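Working notes, structure below.
FYI, it's all coordinate maths here, none of it is from the lab. Predicted model, so just to flag it, every value in this text is computed and none were measured. Here the Cβ positions follow ideal geometry from the backbone for every residue, glycine too, while neighbour counts run over all protein chains shown.
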Amino acid sequence: MFQHPHKIRIADYDYSLPDERIAKFPLEQRDASKLLLYKNGKISTRQFFELPDMLPADSLLVFNNTKVIQARLIFSKDTGAQIEVFCLEPYSPNDYAQAFQQTQCCEWKCMVGNLKKWKTGVLQLFVGGNDVLPQRITAEKISTVENTHIIRFTWDNPVYNFADILELAGELPIPPYLHRSTIEKDKETYQTVYSKIKGSVAAPTAGLHFTPQVLANLQAKGIETNELTLHVGAGTFQPVKSDVIEGHTMHAELISVRKETIARLLTKIDTIVAVGTTSVRTLESLYYVGVLLEKNPNATQAELAIMQWMPYQTEFTITTTKALQNILTYLESKQLDRLQTSTQIIIAPGYQFNLVKAIITNFHQPKSTLLLLISAFLAGDWKGVYTYALENDYRFLSYGDSSLLINDVLESRIKNQEYRQKNKE
């Protein structure tokens, strides 16, 4: 039976992180970063380019292929006041691909900086240059939803779609804890080398360490890779402000998983390695999508959204294999090539992992839901890992170093492969 995490005190997931340990810039060579290896409760230091040597040949690495958009727009009022409009997710149309393709107008859910200076009126932003036709972009506040605002954007040249507008006028939103302005180089270094699907306002940072050479070395060893999509929202930067976890609300985030990926997961149940916590949350959400389909095989994809506390509401009895089979059956019956829904899942101590057998992840902020996830996977041993990293000069947060955390199931396969290799020799 699950231990319900409602009453977990966030103060128990705090640690001292000196500012000088936060990596303000990435290393010149992505895969030269340190890699903390955790297996059998033991910790050692490697380098990221050694990753292929640390995984069994039949592993399946699952990446989040989301791409960070230049979501921060700086508008000016007639008074000269600057207003920051931070695009979070499309509102009308509420589909990312459709929103990016709009050529005159679209509406987005946004956060607004310096809001007190924008009571009424329409904001303006002008873009122009030698190779860019002059553009007038306007922003109008339509409504307010909790602490976010629905903003209608319009522009005066239909040659450009909204994706173009963000590229021309937007700024890449690097994390606020870096305490610096975005520089041109961030446009390259704050994207994974395999990013494809536009929509995130934050990078899935564990993937920042991968290089084409590391990917080639994984392939050479026979280690399989696959992709899914979770568009990372601004909630990833929100600390838990309540004393206990029940007071914290997770932001819903869009997930998209191809039918072919789910089929591959079925064949690799014991060797799934999640690259980043966003991949963890997506993969683990799939189990609960399968649970919902067990109860309602004709649900709409919107009805398959995973709520924050669902994993802790009861004890689920269907197997992971059955859950994934339910999704495949559903997609085939609906003639869909991918599952598209949303997840608010919170993974905290007391959670039972269903798909993920190893995690590649960076070092996270104190008092964050991501630290709760790591504690859940390590059966509470997060302090040992973070103390080791602090004492051994690891770099923290988005541009910092990473870790490979392996559970007992995958570790037993590694040992079996090593044993067979020795016998061959």
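Taking the chain, how much of its Cα-Cα pair set, in percent, is spaced more than 29 angstrom apart? Each step should come with its number before you reach the end.
Details: 43193 of 90100 pairs.
Of all Cα-Cα pairs in the chain, 48 percent lie more than 29 Å apart.
If you consider only alpha-carbon coordinates, what radius of gyration and Dmax does segment 332-385 have, in Å?
For segment 332-385, the Cα-based Rg and Dmax read 14.9, 48 Å.
Which order do the peptides 263-276, 307-320 take when ranked by the mean count of other beta-carbon atoms within 10 Å per residue, highest first? Please report the intermediate quantities before stating the final value.
Numbers: 263-276: 20.3, 307-320: 14.9.
Per-residue Cβ counts within 10 Å, averaged per peptide and sorted highest first, yield 263-276, 307-320.
With viscosity set to 0.890 mPa s at 25 °C, what whole-number translational diffusion coefficient in µm²/s follows for segment 71-171 from Stokes-Einstein and a Kirkwood radius over Cα pairs? If you can, show how the numbers build up before the last one.
Working: Rh = 13.6 Å.
Roughly 181 µm²/s, to the nearest whole number.
So, by mean Cβ neighbours within 10 angstrom, what's the order for 214-224, 246-256 with the highest one leading? Let's see the in-between values first.
Values: 214-224: 15.2, 246-256: 18.9.
Ranked by mean Cβ neighbours within 10 Å, highest first: 246-256, 214-224.
Could you run the Debye sum over the Cα atoms of segment 15-134, one equal point scatterer each and no solvent, and tell me log10 of I(q)/I(0) at q = 0.19 Å⁻¹, two decimals?
Values, matching the q order: -1.16.
Provide the packing ranking of 19-30, 65-76, 152-163, i.e. peptides ordered by the mean count of other C-beta atoms within 10 Å per residue, highest first.
Numbers: 19-30: 14.8, 65-76: 20.7, 152-163: 17.2.
Those peptides, ordered most packed to least, come out 65-76, 152-163, 19-30.
Tell me, what is the FRET efficiency for A263 and S181 to the nearest 0.05, using R0 = 45 angstrom and their Cβ-Cβ distance as r?
Here the calculated transfer efficiency is 0.50.
Calculate the spin-label point distance for T144 paired with K116, positioning each point 7 Å from the Cα along the beta-carbon direction, and give it in nanometres.
With each label placed 7 Å out from Cα toward Cβ, I get 1.4 nm.
Tell me, what are the semi-axes, in whole angstrom and largest first, of the equivalent ellipsoid of segment 134-249 as set by the roots of 5 times the Cα gyration tensor eigenvalues? Kindly include the intermediate steps, with their values, before the conclusion.
Details: eigenvalues 188, 116, 41 Å².
So the equivalent ellipsoid measures 31, 24, 14 Å along its semi-axes.
Tell me which residues come under 5 Å, amide H to amide H, from T341 once H is placed; ignore anything under 5 positions away on its chain.
I255
Given the chain, what percent of its DSSP beta bridges are antiparallel, to the nearest 5? Before the final figure, lay out the partial values.
Values: 55 of 75 bridges.
Taking every DSSP beta bridge within the chain, about 75 percent pair in antiparallel fashion.
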